[in-house]
Amino acid sequence: MKWHVNFSKLLGVCSLGLAMLFASAATQALPVTGLYSEHMAVANESDAERSRAFREALHAVILRVTGEPQWLDHPTIIAAVENAQSYVEAIGYSSEFIAVPAEVAARAAQSTDVTGTAETTGTTEATEITQMPGAAVEPTVATPEPDANQAEVSAPLIPTTREQRYIDVDFSSALIDELLTTANIPIWDSNRPSVLVWMALQDETGNRSLMTADINNDIIELIQEFADRRGLPVLFPVLDFEDRRSLNEDLVWTLNDEAIRKASNRYGADSILTGRLHFTASGELVGLWQFLFQDEADVFDGFSTDLREYLHGPLARVTSQLASYFAIVPESATREMVQLRVDGVGSLQEYSSLLSYVNGLGLVESVSPAQLDGERLELRLGLVGDAQQLFELIALDRDLLPIEGVASDASDVLHYRWTR
């Protein structure tokens with residue numbers, strides 16, 4: 001098999017966090033890029049290590065594309081993961097110098113204390129040095145004094161960084177989609193609903209505060225870590241004067257549905273995840289979560305002794321809920337033809353942008369212009385699904401806004417205005 005190496009590949013999912021750290025008022029659904037790519041650490045560039053990386057990368061991609069971990073246990077997926085190289089389209093290697101963990105450096109220092117001192121009896125011996133793999137450290141050789149009985153050995157340097165190799169794996173989206181379709185597994189389109197996250201925190205003394213980027217960066221990083229790995233568009237409130245006037249820590253702590261919805265309106269998010277977290281004196285993390293989606297509220301408990309687990313559990317729950325709502329199996333889906341009527345298409349550029357947008361919708365299988373009348377364009381769409389699913393998918397964006405109160409001459413016509 002011939003590998004096409006792409007060293008400049010940038011993973012969209014990894015950069016997703018930077019783009020979404022703070023939400024803007026105009027944001028709703030966000031297209032997720034890099035669904036079929038994975039960036040992961042490797043020990044070396046050997047065939048065995050590359051094969052291992054392919055398997056783990058495909059495992060991660062299947063989880064991201066389907067949105068639900070249950071499909072990883074499907075026999076077809078298990079077999080595909082064992083033959084992961086068959087789905088690879090391109091790979092690339094890169095390096096990065098990362099900090100050596102303090103405990104590892106400490107062990108290296110202790111080892112050096114034992115092995116790094118050479119006794120001399122009139123001859124010169126090289127000092128043995130323990131160092132991290134890939135770290136650039138020049139050994140220090142003890143030079144004996146004229147009096148061999150008083151040899152002085154200088155301490156070797158302990159590395160603080162080491163080189164880490166990474167592999168970027170791009171899988172064929174066509175082959176992955178074919179695999180999932182054959183196994184009758186739903187595929188979650190890249191146009192995904194955004195999740196706005198509010199959190200109220202309470203310490204062991206009872207003091208409460210809202211989660212902020214400057215104070216609670218560890219929490220935000222863990223949430224973003226999950227979002228990057230699972231392709232979930234996560235938004236955080238800016239917590240400016242307007243936010244704090246509408247919503248304080250006590251309202252978030254009590255999961256006040258009405259106040260949270262009102263404060264969230266400015267962000268235009270498709271769903272809202274609100275959590276409260278109590279750091280107990282014994283080190284336990286106890287709280288409650290509320291997920292608002294489609295005018296329904298799902299409330300559930302939270303408990304753990306590990307912060308990552310406490311945060312990732314609810315995020316995994318809502319991700320599966322959203323995936324089960326929006327993901328479809330192309331082969332088993334209903335096929336339907338609908339007419340899309342769009343006003344506000346006043347230029348060739350807008351016409352081109354609209355066609356590009358519609359063709360990019362996951363449910364749309366075919367597009368054919370039906371009529372152009374001034375600034376109104378009518379398109380005939382072939383769907384892998386039905387008109388209601390298309391309506392809900394379009395509702396995730398603000399490029400097309402529905403026109404209400406206008407009588408339609410056909411029941412299967414969806415009427416919108418192009419706003420991009």
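Rule-based calculations on the coordinates, nothing more; no lab input. Just so you know, these numbers come straight off a predicted model, no measurement behind them. Don't worry about glycine lacking a Cβ; one is built from the backbone with ideal geometry, like all the others, and counts go over all protein chains shown.
For the stretch 248-307, what mean projected area does the convex hull of the alpha carbons give, in nm²?
That works out to 4.5 nm².
Sort 45, 350 so that the residue with the fewest other Cβ atoms within 10 Å of its own Cβ comes first and the one with the most comes last. Don't skip to the end; give the middle numbers.
Details: 45 11, 350 16.
With the sparsest Cβ surroundings first, the list reads 45, 350.
So if I restrict to the alpha-carbon atoms in the stretch 335-418, what is the Rg, and what is Dmax, the biggest pairwise distance, in Å?
11.7, 31
Over all Cα pairs of the stretch 190-328, how is the pair count split among 5 Å bins, expressed in % and running from 0 up to the last occupied bin?
Distribution as computed: 2, 10, 21, 25, 22, 13, 6, 1, 0, 0 percent.
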